[in-house]
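Student: Quick one: structure below, then a few questions.
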Amino acid sequence: MSRLTLALAAAVLLLGAGLAFVLVRPADSGLNEAAVRNIVNKALTAPAQPNESAIRTIVADILAERDAPPHSGDELDAATLNPMIESYLLENPSILQRVSDALRAEVRAVEMAQAKTALAAMRTQIYEDPDNVVLGNSEGDVTLVEMFDYNCGYCRSAMPDMATLLAEDPNLKVILKEFPILSKDSDDAARIGVLVRRAQADYWAFHETLFAGRGQVTLDAALKAAQELGLNPVSLRLEMGTPSVSGVIDRSHELAQALNISGTPTYIIGDEIIPGAIGIEQLRTRIANMRACGKTVCEPDPAS
C-alpha cells in the first residue's frame with residue numbers, strides 16, 4: 001500500500017468513524033488547505049501497513065490542527081474534500097478493505113491476548129473438573145475441548161468431525177462439556193448426560209444417539225438413549241435434579257462467563273477459544289500446529 005493511499009484511507013476511515021466534523025467544519029475550524037496538506041505529509045511518513053497506532057497518530061494531528069489558531073488560505077470544506085475522497089476511492093476500491101483487514105488483525109491480536117490470560121486463570125476448571133467427559137487418549141499430547149448443547153444444530157453438524165478426529169488420531173485427548181443454553185430440553189438432556197458419564201456407561205454411544213436423532217432432543221429422548229445403555233430411567237429422573245448434577249451445569253456456565261463464551265459449539269485448544277463449527281480441516285490444522293510449535297497458529301519459518 002502506498003503512503004498516499006494510507007493518508008487518504010485514514011481520512012476516509014476518520015469520516016466513517018464519525019470524525020467527519022473535523023474535516024468538513026466551516027471556516028472557524030481552522031483547517032485550511034495548508035493544514036490538511038501538513039497532516040497528509042505526516043501520514044505519508046507513516047508505516048506502509050496501517051495499524052491502530054498509525055491511525056491514532058493521524059487523528060491526533062487532525063485534532064491538533066483543529067484546535068490551532070486559524071490558518072491563512074483557502075478553507076477545504078465538504079464540497080471540496082468529499083469529491084476528492086470519493087474519486088480516489090473509486091479509483092482504488094481495495095483501500096478500505098486493506099485498512100479493515102489491518103484493523104481486524106489488530107483487534108484479533110488483542111482478543112487472543114485476553115483469551116490467553118483468561119484460559120490460564122481457568123485452567124483447573126477447564127481440564128481438571130472431575131465431571132469432564134474424556135474421550136480418546138487420556139494421556140494424549142494435544143487436548144481439544146468442546147462445549148456443546150444437544151439442541152444446537154451446528155453442534156449436530158460438527159459431531160462427525162469429532163468422530164473422525166477420534167478415529168484417526170490416537171494421540172488426541174477430547175474433553176466434552178455439557179453447556180445447555182438453548183432450552184429446558186437442552187438442560188434436561190445435559191443432566192442425563194452427566195449421570196451417564198458418572199455411571200461409566202458408554203457416553204459416546206449416548207452422545208451419538210442424541211445427535212443422530214431428528215427434531216428436538218428432549219428429556220424422554222435422553223432417558224431412552226440412557227436406558228439402551230442399561231441405565232434405569234426412573235433412577236435417572238430422581239437424580240437429575242440433585243445439587244451434585246446441578247453443580248456440573250453451573251460450572252459450565254461459570255466457565256463460559258469467565259471466558260466470554262456465549263454460543264455452541266465452542267472449542268478450546270491451547271491458548272485459543274474457537275467459536276462455531278469451523279470444520280474438520282481447521283481443527284486438524286490447529287492440532288497439527290499445537291504439535292509443531294505449541295500454538296494453534298505457528299509463525300512462518302524465516303528461512304523458508
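Student: Calculate, in nm to one decimal, what ASP141 and LEU238 gain on full extension: separation in residues at 0.36 nm each, minus their alpha carbon distance.
Tutor: Extra length available between ASP141 and LEU238 comes to 31.0 nm.
Student: Where in region 225-248 does the amide nitrogen come within less than 16 Å of the point 7 Å from the Cα of GLN200, taken along Cα to Cβ?
Tutor: 230-231
Student: With only alpha-carbon atoms in the gyration tensor, what are the semi-axes of the equivalent ellipsoid for region 144-210, in Å, largest first?
Tutor: 20, 15, 10
Student: Please compute the modelled spin-label separation between GLU228 and ASN92, points set 7 Å along Cα→Cβ, answer in nm with one decimal.
Tutor: 6.2
Student: Another question, then. For LYS116, list the lysines whose Cα falls under 26 Å from its own Cα; do not include residues on the same chain fewer than 8 positions away.
Tutor: Those lysines meeting the cut-off are LYS173, LYS177, LYS295.
Student: Which peptide among 237-248, 210-221 comes first, and what is the full order, when sorted by highest mean count of other Cβ atoms within 10 Å?
Tutor: Sorting 237-248, 210-221 by mean packing, highest first, produces 210-221, 237-248.
Student: What does the extension gain come out to for GLN125 and ALA288, with contour length at 0.36 nm per residue minus their alpha carbon separation?
Tutor: Extra length available between GLN125 and ALA288 comes to 56.2 nm.
Student: Right, another one. Over the alpha-carbon set of region 158-283, work out the extent along each principal axis and list the three values in angstrom, largest first.
Tutor: Result, largest extent first: 42, 32, 28 Å.
Student: Same structure again: Return a whole-number percent for the relative contact order of region 183-229, with Cα pairs under 8 Å and 6 or more residues apart as the contact set.
Tutor: Computed value for region 183-229: 49 percent relative contact order.
Just so you know, all these numbers are worked out from the coordinates, no wet-lab data involved. Model, not experiment: these values are computed from the prediction. As a convention, Cβ positions derive from the backbone with ideal geometry for all residues, glycine included, and neighbour counts pool all protein chains shown.
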